[in-house]
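The values are calculated or read from the model by the stated rules, or taken from the named source; none is laboratory data. The structure displayed is predicted, hence computed values, not measured ones. Here the Cβ positions follow ideal geometry from the backbone for every residue, glycine too, while neighbour counts run over all protein chains shown.
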Amino acid sequence: MKAPPAPSQVKLVAKNKKAYFDYEVLEKYEAGIVLTGAEVKSIKSAHVQLKGSFVTIINGRVRTENMHVSPYKYGISKDYDPLRRRELLLKKKEIEYLSGMTGQKGFTIIPLEIFLKRGLVKVLIGVCRGKKQHDKRQVKRGRAIEKEINQGLKKFSRE
């Protein structure tokens, strides 16, 4: 019999890489998510996509939109909607704060990561502000320069 995993063990399932490029992440929150059993199995097998997803807050309910969870091949009915709204579980004060932040111009909430923590599926959401085009170009330039420097160092160390 295997020993249970350590309580601090966290397994990353999916990451929204595009969100880190398109948005400036100001704050991060960890939230639970309401799923069916088959969706949990599908997410645990990493059949989930966060690209283009976002979070809405309506009447005190926090929900994800456009988060694609592929159907689990052994247990989903024919009328399954992979893009359905899924409710996120947060504390009341966090919900009130987040709804106030999204009320301000330019702020949005984006799911950044999905991970497993002690066997439970969790979503890392971030309060984000959209980057301007010139900011994105500057990041690309910085990465290119850094890559060039690393290649030069590698070449120099070989000689």
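Go through the residues of region 79-90 one by one and say whether even a single one is more than 18 Å from the chain's Cα centre (by Cα), modelled with pLDDT under 90 and not hydroxyl-bearing (Ser, Thr, Tyr).
Yes - at least one qualifying residue is present in region 79-90.
In summary, GLU30 fulfils each of the numbered conditions (1) free of Cβ contacts under 8 Å to residues at least 60 places away in the same chain; (2) within 15 Å of LEU112 (Cα to Cα) with the single exception of condition (1).
Scanning region 35-70 for residues that are closer than 28 Å to GLU96 by Cβ and exposed (fewer than 13 other Cβ atoms within 10 Å of the Cβ) returns ILE58, ASN59, GLY60, ARG61. Could you tell me whether MET67 is modelled with pLDDT under 85 and aliphatic (A, V, I, L, M)? For MET67, the condition - modelled with pLDDT under 85 and aliphatic (A, V, I, L, M) - is not met.
Of all the criteria given as (1) small (Gly, Ala, Ser); (2) assigned to a strand (DSSP E or B); (3) in contact with a Phe, Trp or Tyr (Cβ under 6 Å, 6 or more places away or on another chain), the one not satisfied by SER42 is (2). Tell me, please, whether a residue that is surrounded by 18 or more Cβ atoms within 10 Å (Cβ to Cβ) and hydrophobic (A, V, I, L, M, F, W, C) can be found in region 135-147. Taking every residue of region 135-147 in turn, none turns out to be surrounded by 18 or more Cβ atoms within 10 Å (Cβ to Cβ) and hydrophobic (A, V, I, L, M, F, W, C). Only residues that are modelled with pLDDT under 85 and either surrounded by 13 or more Cβ atoms within 10 Å (Cβ to Cβ) or touching a Gly at 6+ places or on another chain (Cβ under 7 Å) (or both) were counted across region 102-134, and they come to 4.
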